[in-house]
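Heads up, the thing below is written out as structure tokens.
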């Protein structure tokens, strides 16, 4: 719905916002006039004219650029004074993603979203499900001698995540679970007895924490998802490998939420069927 504003009211709002922007920037009439290439009297007229006339688009744009606000805000077309580029920058951040079990940034985001629903599409089996021996096998190549220390340091954080007041809903490609059970692809080299123990551990932990922890398996041939985490209504994060790309604006968080919810709706294995599916995988591959 478009709200029609009287010309006189819009002109009055322009003058008010121009004064506010100048005060915030500590700009004088003379200084602003020099910066935008007009006479001081022109700026004085912009601020003092009580009529319904607005300056031309060029003057409005120059004033906005010099004062660090948007032209739309000066003209009353938006209530956000920030420039579009600044709004995008504030809504999105890129952070490092070190090779770790639960790094500082991820843990901070989990703490921030405590009490909210966490939606997660991991890059493989979720770390919070893994046995220490599987973590040792997976992280030793990158962490070396510090693997045991990293596992020990992460245990408290993983325990906190499991026991937090947040609901955890996880969507995982069926092929990831099958690949682990078969010891193929990424999981080639994991001993069969460890794979069997890990599958039993997933089933037991899931049964113990259900319904606050729910794991859905979807068909990646029908639906694709990059590794993402949606922290309630607060932010959505894409895992890029060496970096996280985090979004905080409502529109994008909702977009990721809708994407995740579709994975859940179309999952072939629901949380109630997970234990039965795990027994099938053990019979098939182990």
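Is there a residue in the range 250-262 that is surrounded by 13 or more Cβ atoms within 10 Å (Cβ to Cβ), in a strand (DSSP E or B) and assigned by TED's automatic domain parsing to the domain that holds residue 114? No, the range 250-262 has no match at all.
Report whether or not residue 201 is over 25 Å from residue 240 (Cα atoms) and in the same structural domain as residue 269 (by TED's automatic domain parsing). Here the answer is yes, as residue 201 does meet what is asked.
Does the range 255-276 include one or more residues that are at pLDDT below 95 and in contact with a helix residue (DSSP H, G or I) (Cβ under 6 Å, 6 or more places away or on another chain)? So far as the range 255-276 goes, no, none of its residues is at pLDDT below 95 and in contact with a helix residue (DSSP H, G or I) (Cβ under 6 Å, 6 or more places away or on another chain). Say whether the condition of being in contact (Cβ under 8 Å) with a residue 12 or more places away in the chain and either assigned to a loop (DSSP other than H, G, I, E, B) or closer than 19 Å to residue 114 by Cα (or both) is met by at least one residue in the range 278-286. Scanning the range 278-286 turns up at least one residue that is in contact (Cβ under 8 Å) with a residue 12 or more places away in the chain and either assigned to a loop (DSSP other than H, G, I, E, B) or closer than 19 Å to residue 114 by Cα (or both).
Among what's in the range 13-27 and is free of Cβ contacts under 8 Å to residues at least 12 places away in the same chain and assigned to a helix (DSSP H, G or I), pick the residue that is farthest from residue 66 (Cα to Cα). Looking at residues that are free of Cβ contacts under 8 Å to residues at least 12 places away in the same chain and assigned to a helix (DSSP H, G or I), I get 16. Please verify whether residue 220 is in contact (Cβ under 8 Å) with a residue 24 or more places away in the chain and either assigned to a loop (DSSP other than H, G, I, E, B) or not assigned by TED's automatic domain parsing to the domain that holds residue 125 (or both), treating the condition exactly as stated. Yes, satisfied. Highlighted here are the strands (runs of 3 or more DSSP E) found entirely within the range 90-209 that include at least 1 residues which are modelled with pLDDT of 90 or more and within 19 Å of the chain's Cα centre (by Cα): 118-121, 168-173. Applying the set (1) in a helix (DSSP H, G or I); (2) surrounded by fewer than 17 Cβ atoms within 10 Å (Cβ to Cβ); (3) under 12 Å from the mean Cα position of the chain (by Cα) to residue 245 leaves exactly one unmet item: (1).
The values are calculated or read from the model by the stated rules, or taken from the named source; none is laboratory data. The shown structure was predicted, so the numbers you read here are calculated from the model rather than taken from an experiment. For neighbour counting, all protein chains shown are included, and Cβ atoms are generated from backbone atoms with ideal geometry for every residue, glycine included.
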